[in-house]
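Report on the structure given below.
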Amino acid sequence: MRRALELGVLGSGLTLPNPRVGAVLVRGGKILGEGFHRRAGGPHAEVNVVTDARRRGHSVAGATLYVTLEPCSTQGRTPPCTELILREKIARVVFGATDPNPAHAGAAMRLLRKAGVEVSSGLLAEEATALNRDFNWWIVHRRPWVMAKMALSLDGRIVTPAGDDRWLTSPEARTVAHELRWESDAILVGEELENPGKPFVVILGGAKVSDKIKVIDRLLEKADTILIGGAMAYTFALAQGKKIGKSLSEPDKIDIAKQALEKAKAKGVKFLLPIDTYVVENFDFKARTVSPGKYLKPGEGIPDGWEGVDIGPETVKLFSAEVASAKTILWNGPMGVFEVAECAVGTFAIAKAIAANSGAVSIIGGGDSVSAIKKAGVSDKVSFISTGGGASLEFLEGKELPGVASIPDKK
């Protein structure tokens, strides 16, 4: 069961609104297979452990299943695990925590026992219950599980008397904080964005200006600098009369891009676009292949028949300098097609520049940006990470998020 608990932890941050569950199949003192629930909507731990046992060449008939949570007995997005247990002729089931839902608690135990399966519960129940404290709270109380994290000195202060920048927490404490963030579905960063430390630098990438124009418009009210990368930069380049070859763009959004550039100028906000680009002639995203490419010189337009797929080294230097001076950094969207190695240099360089500014509050939003920060090996060196790209953008636009709005106001 302890091994099943270890496996269950691997689902942290991935399974909600489903619970984290780990499972181990054993026969004659030998582990036949291991598994855990990897994502909401995907196979449950019981399915994955049987699949792993088969992969190892084992039959599971007559085996004992150790699972951290009572198996599900009703149809949801996936079939009930009790059906799998009976179909595979598993002889014994040992689970740690009972299903927290009163409508389902004990149902699997009764069903399996009636079918002749030996069932016992409560093994390491306290640890198994703690594995899903947030899920359990939601099921029982129908309210989100909320964690408050704060760094305080022993005398209750959050800054030094002089107000200078200094870590109050140890590296070990910051590691724990990152683990808490990873297992959370949403991180309230409203204060950091409502009253950001200055300079406030925003980095926006991705494909479409239309996806982020409302965000840009709102951030122009607060940001000191906005850095634009990804394919959306080519729409802005068109708005400035530059050549973009066959690069991905939105010609019908040129007027919107012009308005954003004009507003930035009126507000005194630095609005920086790439000054050099990595271009290729042929690009197949599905196959993850590109033809040999080249870096254009600063200010050089993209020739016909070529397309931009990443920012160039001079742009990296320009953007990195802005990032290095920031006190608050918000990043949403990659600088290029980072899924392809040849086109990932700029995105990873910006990720490392953000991580290098340890004195800034750094907020990484959106699945692609989070994936990039992880692939760059610096996810443990940023302040906040949120995989909810769409939700992050809606929040930045000023929209109310239902999950956050459901949290009672307990002032």
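Around the Cα centre of the chain, unit charges on the Cβ atoms of Lys, Arg, Asp and Glu (plus for the first two, minus for the last two) sum to a dipole of about 820 debye.
Let me know the whole percent of all Cα-Cα pairs from the stretch 215-294 that are separated by more than 19 Å. Considering the stretch 215-294, 43 percent of its Cα-Cα pairs are separated by more than 19 Å. When the stretch 245-373 is described by a simple charge dipole with +1 on each Lys and Arg Cβ and -1 on each Asp and Glu Cβ, the residue from 283, 320, 303 located farthest towards its positive end is 320.
Between the helical axis of 171-183 and the longest alpha-carbon principal axis of the chain there is an angle of about 80 degrees. The modelled label-to-label distance between residue 141 and residue 174, using points 7 Å beyond Cα along the C-beta direction, is 3.1 nm.
Start at zero, step by 10 Å, and the Cα-Cα distances of the stretch 1-128 spread as 14, 51, 33, 2 percent across the bins. Listed values for the stretch 319-333 are Karplus-derived 3J(HN,Hα) couplings in whole Hz (6.51 cos²θ - 1.76 cosθ + 1.60, θ = phi - 60°), namely 5, 5, 5, 5, 5, 5, 8, 7, 9, 9, 10, 10, 10, 9, x, and x replaces Gly and Pro. In this structure the chain gives 50 Å² per residue of accessible area when probed at 1.4 Å with all protein chains present.
Temperature 20 °C, viscosity 1.002 mPa s: under these conditions the Stokes-Einstein estimate for the stretch 201-244, based on its Kirkwood radius over C-alpha pairs, is 199 µm² per second. For the chain, the longest principal axis of the Cα atoms and the long axis of helix 45-55 meet at an angle of about 90 degrees.
The peptide list 300-310, 255-265, put in order of mean Cβ contacts within 10 Å with the highest first, becomes 300-310, 255-265. Over the chain, DSSP H runs of length four or greater, each weighted -39,500 (n - 2.57), average out per residue to a 222 nm ellipticity of -10000 deg cm²/dmol. Sorted from greatest to least, the principal axis extents spanned by the alpha carbons of the chain come out as 76, 58, 35 Å.
Label-to-label distance for residue 300 and residue 281 is 1.5 nm, based on points extended 7 Å past Cα in the beta-carbon direction. Annotation: amide H of residue 339 has no partner in the under-5 Å range at sequence separation 5 or more or interchain, hydrogens built in the peptide plane. Surface composition of the chain: carbon and sulfur atoms hold 54% of the protein heavy-atom accessible area at a 1.4 Å probe. Partners of residue 89 within straight-line reach, counting lysines whose Cα lies under 27 Å from its Cα and excluding those fewer than 8 residues away in the same chain: 30, 114. Computed with every protein chain present, the accessible area of residue 2 is close to 150 Å² [probe 1.4 Å]. Here's the list of lysines a cross-link from residue 297 could span, going by alpha-carbon distance under 19 Å and ignoring same-chain residues fewer than 8 apart: 242, 243, 246, 317.
The values are calculated or read from the model by the stated rules, or taken from the named source; none is laboratory data. Everything numeric in this text was worked out from a predicted model, so none of it was measured. As a convention, Cβ positions derive from the backbone with ideal geometry for all residues, glycine included, and neighbour counts pool all protein chains shown. Protein only, heavy atoms only, side chains kept; ligands, DNA and RNA dropped before computing areas. Shrake-Rupley method; radii C 1.70, N 1.55, O 1.52, S 1.80 Å.
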